[in-house]
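Step one of this worksheet: look at the structure below.
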Amino acid sequence: MALSFSFSCRFSREPSLNQKILLGEQLFYSPILGDDEDISCASCHKAEWAFGDNVPTSQGAKGYSTIRNSPGLFNLTRRAPYLSEGGVNTLEEVIIAPLHDTLEMASNIGRVVRRMWQDTTWLRRWFENWDSLPSPATITRSLASYLRTLKSESSRADRYYRGNNQALNVAEIRGALVFASEKSGCTKCHFGPDLTDNLFHNVGVNVSGKDQGRYRLTFKNEDKGKFKTPTLRNLRFTAPYMHDGSLTTLESVLDHYMHEGHPFSENDEIQKPIYLTKSQKSDLISFLMAMSDSDFVEHYVRREKELLTWSSIKNRN
Ligand code: HEC
Ligand code: HEC
């Protein structure tokens, strides 16, 4: 009769949301998730870069590199389905992907759980909050609760749209008009609160065909080279751009859309080069930069320092 209870899903106590968030934050910064205990989520998702990275591809476990650019992590509740090909529907599940990917953390949730069972700090944290041993379900639920708290909505452009007329300067306002214009066509795919349709498009980035994007999931020919439209928030912090981090500046992204120096690839959905004058280009870049939220980044950089200070004080005891 006792055996009919599901081992992994039965909780003696559901912690409060705040307790789960704090545990999730501790896990996010902890190397216990990496197989050699030398890599954490924060190794690639860095607070100072809006939880993205500032290199095209990040360094994973055992000296490997990721195949894609580490994206910023914020407003994730609005971003499902996750990853560039959209293969994962919940944040609980998305955590399993980097953990097991041999180029990322090269780890295994079963081994992580066993390691946590042998660690008195984690055992204490788990019994105090979940009243149970660490398990895959409680680990992923804690981390997902933390990820859901990363909200970024206080850029200067947000303040302007909330009614503060002084929040944007004239060039940035002109740039917003260029962005919304039919001529630029940006809002065909980049719209809504995070400037993304959350759909998949081929904009001619994957010319080499090395990464087939959504095709990896659907095996449909028309999905070759399609990637999820990224948010255009926090671009000040998340360069280099595109799924492979191949474009280093916003200037180079616009040159790409204007087809400066490269031909149209087959399936590219933008079949007419977007033409912008030099001043429209610079206004548009100013507007995109004003969608960046320094308050968000500063808050989490401060928070990271607090956590590190706190853990170094505790470790000295
Ligand atoms: C070695 C670098 C690396 C590590 C470590 C890593 N990630 Fe990532 N993460 C990436 C890359 C690269 C992507 C983009 C993958 C893609 O688009 O297919 C990504 C994507 C994500 C996404 C999806 C974002 C979206 O908008 O679709 C989430 C959420 C995420 N990571 C959370 C985590 C968590 C939580 C951890 C720790 C358990 C973690 N990552 C560890 C590199 C890393
Ligand atoms: C047909 C849909 C579509 C249109 C139109 C479009 N984009 Fe994109 N945009 C995308 C997709 C999809 C990506 C990601 C491509 C990749 O990762 O390879 C992207 C990537 C970007 C990026 C990089 C973001 C990052 O974090 O890597 C920027 C910046 C950008 N677009 C700005 C614009 C601007 C400005 C316009 C108008 C001139 C525009 N886009 C028009 C779909 C579109």
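The values are calculated or read from the model by the stated rules, or taken from the named source; none is laboratory data. On a predicted model such as this, the values are computed, not experimentally measured, just so you know. Glycine also receives a Cβ, built like all others from the backbone with ideal geometry; neighbour counts cover every protein chain displayed.
For the stretch 164-192, how many residues meet the condition of being in a loop (DSSP other than H, G, I, E, B) and either touching a residue at least 12 places away in the same chain (Cβ under 8 Å) or small (Gly, Ala, Ser) (or both)?
Let us first name the residues in the stretch 164-192 that are in a loop (DSSP other than H, G, I, E, B), namely 164-169, 181-185, 189-192.
With the extra rule that they be either touching a residue at least 12 places away in the same chain (Cβ under 8 Å) or small (Gly, Ala, Ser) (or both), the set shrinks to 167-169, 181, 183-185, 189-190, 192.
Number satisfying all stated conditions: 10.
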Q.
Suppose we keep only residues that are among the aromatic types (Phe, Trp, Tyr) and in a loop (DSSP other than H, G, I, E, B) within the stretch 60-87. Which one would you say is farthest from Thr229 (Cα to Cα)?
A. Tyr64
Q: Only helices (runs of 4 or more DSSP H) wholly contained in the stretch 201-306 count here; list those with 2 or more residues that are of a type in the set (Ser, Thr, Tyr).
A: 215-218, 250-257, 278-289
Q: Working only within the stretch 162-220, note down all residues that are modelled with pLDDT under 95, within 12 Å of ligand 2 (Cβ to nearest atom) and in contact with a Lys or Arg (Cβ under 6 Å, 6 or more places away or on another chain).
A: Asn202, Gln212, Gly213, Arg214
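Would the stretch 26-34 turn up any residue that is of a type outside the set (Val, Ile, Thr), within 16 Å of ligand 2 (Cβ to nearest atom) and modelled with pLDDT under 95?
Let us first name the residues in the stretch 26-34 that are of a type outside the set (Val, Ile, Thr), namely 26-31, 33-34.
Among the residues that remain, those that are also within 16 Å of ligand 2 (Cβ to nearest atom) are: none.
No - not one qualifying residue is present in the stretch 26-34.
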Q: Determine which single condition Phe227 fails, assuming it passes every other condition in (1) on the phi < 0 side of the Ramachandran plot; (2) surrounded by fewer than 20 Cβ atoms within 10 Å (Cβ to Cβ).
A: (2)
Q. In the stretch 127-144, what residues are touching a Pro at 6+ places or on another chain (Cβ under 6 Å) and modelled with pLDDT of 95 or more?
A. none
Q) Can you tell which of Ala80, Ala50 is surrounded by fewer than 17 Cβ atoms within 10 Å (Cβ to Cβ) and within 13 Å of the chain's Cα centre (by Cα)? A) Ala80
Q: Please work out which residue is nearest to Ile39 (Cα to Cα), limiting yourself to the stretch 104-126 and to residues that are of a type in the set (Ser, Thr, Tyr) and free of Cβ contacts under 8 Å to residues at least 60 places away in the same chain.
A: Thr121
Q: Find the residue count for the stretch 136-165, including only residues that are farther than 16 Å from Gln26 by Cβ and polar (S, T, N, Q).
A: 5
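Which one is farthest from Gly60 (Cα to Cα) among residues in the stretch 88-119 that are small (Gly, Ala, Ser) and assigned to a helix (DSSP H, G or I)? Show your work before the answer.
Within the stretch 88-119, the subset small (Gly, Ala, Ser) is 97, 106-107, 110.
Among the residues that remain, those that are also assigned to a helix (DSSP H, G or I) are: 97, 110.
Details: Ala97: 13, Gly110: 20 Å.
Filtering first and then ranking leaves Gly110.
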